[in-house]
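Shown next, in structure tokens, is the structure this report addresses.
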Amino acid sequence: MTDQSNVRIVAIGASAGGLAALEQFLAHAPADGGLAYVVVQHLAPTGKALLSELLQRATAMSVHEARHGELIKPNSVYVIPPNTEIRVIRNRLQLANPAERRGLRLPVNVLFSSLASARGENAIGVVLSGMGSDGTLGLQAIKAVGGLTVAQTPESAEFDSMPKSAIAAGCVDIKDTPEALSARILAYVEQVQDLALSDAESRPSKSESAALHAITRLLKKRTRHDFSLYRASTLCRRMERRLAIHGLNSLAEYADFLKHNPQEVDLLFNEILIGVTDFFRDPDVWQHLVDVALPELLGKKSTGPDLRVWCVGCSTGEEAYSLAMAITEVMSKQSRRFKLQIFASDLNPDAIASARRGQYPLSIESSVSAPRLARFFSRHDTYYEIKKSIRDQVLFAQHDVILDAPFTKLDLISCRNLLIYFDPHLQQRLLPLFHYSLRPEGLLLLGSAEGIGRLSHLFTPAHPKLRLFRRQGHAYARRPDFLLHSYPPISGIATETDVKTPAPPSQSTDSLQAAADRLLLQVYAPAAVVLNRDADIVYISGRTGNYLEPAAGKANWNIHAMARDGLRRPLAKAIEQAATGTAPINLHGLEVRTNGGVQRLDVTVQALQEPANLRGLTIVVFRDVADPITESVSKKGKGSQATALGQKHYQDEIQALREESRTHREEAQDAHEELQSTNEELQSTNEELTTSKEEMQSMNEELQTINSELQSKLDDLMLAQSDMQNVLNIVEIAILFLDKDLNVRRFTDRAAGIISLRESDIGRPLSDLTTKLDYPDLQHDARETLRKLKPTEKQVQSSDQHWFETRIMPYRRLDDVIDGVVITLVDVTRAKELEKPLRDE
């Protein structure tokens, strides 16, 4: 007996023009392939759908409309009923009324998203012909969990909008014609099953190791990220799906394929980065955090008003938002308040973009409690959205934990189910890095299959079973060269070649003037920097430490980030003015706060036009105009004077800033009100147009579907009519069909020879026709048959001496309604001739 939980489900979405594509797809799908197919077609919400009947003709598999709660079985096709949404919940189908009004429904997305949640990497989604973009978001959900995504080639689709939208989103693994897709899906499934039967943890052979090394080199060359220290078994499992998609049998073949298809390297990169995550995953861990660990952490915290958390490998953001919600709940129960800042990082830019949107399917109701949904989410028709109060507490960034500098001064690090992808050597280098990033008594949360290994001198277990550890103060991690040793060495494929230092010119060719000029520039010229168009420093002359200082965090050479207090605002304004003209901008008497006091200086900013190789750059020159005014009130008796000067300067600057701010605020308020009014009008108009467009598009798709169904039925009727006409012409009986008014409805060729009939006589009354029969009561008998509903039989002779058995019967329709009469004329002349001698005897 087949295990229903292992049945592979293929979800198929189509719209306008989808009937033909569905028929082609199912006609080439083997009836014993072991797959189950769930079909969603945009249907009119009213009336009976004929889709299941039409598709049954294309396949030997069982095809029927889906029923609520029905168990999904292999080698079966389930068709969506009209005016419903269909979902896959575990191994059964769930039907529900549409949440959106007509014109805004996206039933394909609903099915695909539910299949992604129910089957994960075993999900398969197919988008066929149709208008609009329904199915794209659903395919992205399937792609995110490692499932197979398939689309019809736009060239083969009658309406290409749906396939084009999915392909443009970059979430399609296989593109082909409908008749070829079924075979490719089956081949993929068979190959994945064969690969799964092999030992995933077996040691790669020598040839496989060489191919794997070549693949990691290609990945690093194109993406900058080094996967050489990832577990080989993990990489091989992630590559299995790509091999199956392309029908390749070995890593060596795939390595060669990558060399000639750079875009496949990007797809493999995204494949490796696919993460499995959920809100409040492993409930026991979150319960302990909320009840014990976080209250203790906040109660003991004495390092300032900010609470800093790093979520490493955040994927699409569920883990980071779970931390924000949990910490918010804990803080609401305590008297102390902290400014929460969560840094959420991941290597995958697509996952980061999804996390920043903060939109999640309605299926999160199974993992997020109703109170949390009400408190932290806004519910929309097809998704939940994180509220702004939680979203603002999380900063998402693309970050490589192996190569990029870490976040520091942290109270909690969550790195769950990431270390399992790294080899032990890399794990032992990252854990000291986490120790360095944490504050004293900070917490480290790892995945259920992860641990600290032999680094127990850096962390002590806070709850070993839940993999929660507390930082210990240990000098090992504070060596001067710690960070240099923490990062793995970068392989040499992208190393830069050494630039040879040019030999200095010989003393004999160096003139006295050139030497003097160099000395003056190096010793006596004012400090200056050269900026590019983005205000990044590209050249420094002289000592600029009194004016500029590196910003904390990741290295940043932008002058706005490096300028000291008192210089940043006027310098930004001067750079903006200099960019619009050629004259130098001079700033006089600026006071910059330095480590030893307040430095007074002049600044000149000028956009460079000459020489040509400096065009587009900007030079900023700093000139000291007085000795620093120290802030100490006791230094050489000048403290009071310096304080007075400083206070007056600051008061003047504050007043000027207030005036400027008030003016800008009034202007901004006026502009904001005008823009808001215009925006509301445009938004209202746009919403009306969008609604009308979507409703028209939906109705058009439904009409296209109905038209396809009716056309198919019309073809059937024409065939049946041809069959009936041939039958009537073959039999040796003259038949005449009359309606209730005794007008000609249809006749056979044999009847046309007895009663003068042509095609143009259809619709003429029986009384207008001429006949060879000696039957003046024909019309009267026909009316009596209609009135009494009893057949009439007579033998009559024709003008050419033929005898006919005439039978008049009521014409009864399939719905048991009398709608005319049928007259049959059987030639009995031969019987009469044989009968006459017998009577004469």
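The alpha-carbon of LYS387 sits under 15 angstrom from the alpha-carbons of these aspartates and glutamates, leaving out residues fewer than 8 places away in its chain: GLU318, GLU329. Applying the criteria of a DSSP loop state and at most 16 other Cβ atoms within 10 Å to the trypsin sites (Lys or Arg not before Pro) of segment 383-479 yields LYS387, LYS409, ARG454.
Pairs exceeding a 22 Å alpha-carbon distance, out of LYS300/LYS388; LYS740/LYS788; LYS73/LYS713: LYS300/LYS388; LYS73/LYS713.
Couplings for segment 779-785, taken from phi via the Karplus curve 6.51 cos²θ - 1.76 cosθ + 1.60 with θ = phi - 60°, read 5, 5, 5, 5, 5, 5, 5 Hz in order; Gly and Pro are left as x. Stokes-Einstein, applied to the Kirkwood radius of segment 406-452 over Cα pairs at a viscosity of 1.002 mPa s and 20 °C, places its translational diffusion at 197 µm² s⁻¹.
Keeping the other protein chains in place, figure out the carbon and sulfur percent of the accessible area of segment 694-796, with a 1.4 Å probe.
Values: 3370 of 6400 Å².
So the carbon and sulfur contribution to the accessible surface is 53 percent.
With contacts defined as alpha carbon pairs under 8 Å and 6 or more residues apart, what's the relative contact order of segment 345-394 in percent? Before the final figure, lay out each step's value.
On the way: 32 pairs, mean separation 16.6, N = 50.
33 percent.
Its relative contact order, with pairs defined as Cα atoms under 8 Å and 6+ residues apart, puts segment 522-613 at 19 percent.
Between SER677 and GLN428, the modelled labels are 7.2 nm apart [label points 7 Å from Cα along Cα→Cβ]. The distance linking segment 84-163 with segment 570-591 is 57 Å (Cα centroid to Cα centroid, whole angstrom). Amide hydrogen proximity for LEU438: with H placed 1.01 Å from N in the peptide plane, the residues at 5 or more positions away or on another chain lying under 5 Å are LEU410. The string of couplings for segment 673-680 from the Karplus curve (6.51, -1.76, 1.60, θ = phi - 60°) is 5, 5, 5, 5, 4, 4, 5, 5 Hz, one whole number per residue in order, with x for Gly and Pro.
Quick one: net charge of GLU23's neighbours, Cβ under 13 Å, K/R +1, D/E -1? Don't jump to the answer; show the numbers that get you there.
Numbers: positive: ARG57; negative: GLU53, GLU158, GLU179, GLU709, ASP715.
With Lys, Arg at +1 and Asp, Glu at -1, the neighbours total -4.
When a/c reaches 1.5 or more, the comparison of a/b and b/c decides; with that in mind, is segment 29-181 rounded, prolate or oblate per its Cα gyration tensor? Each step should come with its number before you reach the end.
Values: a/c = 1.21, a/b = 1.14, b/c = 1.06.
It is rounded, given that a/c, with a ≥ b ≥ c, falls under 1.5.
When restricted to Cα atoms, segment 318-437 yields an Rg and a Dmax of 16.0, 48 Å, respectively. In loop segments of segment 266-338 as defined by DSSP, the trypsin sites (Lys or Arg not before Pro) with at most 15 further C-beta atoms inside 10 Å of their C-beta are LYS333, ARG336, ARG337. Is the C-alpha gyration tensor of segment 686-841 telling us rounded, prolate or oblate? Criteria: a/c under 1.5 is rounded; beyond that, a/b larger than b/c is prolate, otherwise oblate. Prolate shape, in that a/c is at least 1.5 and a/b is the bigger ratio.
The values are calculated or read from the model by the stated rules, or taken from the named source; none is laboratory data. Keep in mind it's a predicted model, so treat the numbers as computed, not measured. Reconstructed Cβ throughout: ideal geometry from the backbone, glycine too, with neighbour counts over all protein chains shown. Please note that ligands, DNA and RNA were not included when accessible areas were found on the heavy atoms of the full protein model with its side chains. Shrake-Rupley method; radii C 1.70, N 1.55, O 1.52, S 1.80 Å.
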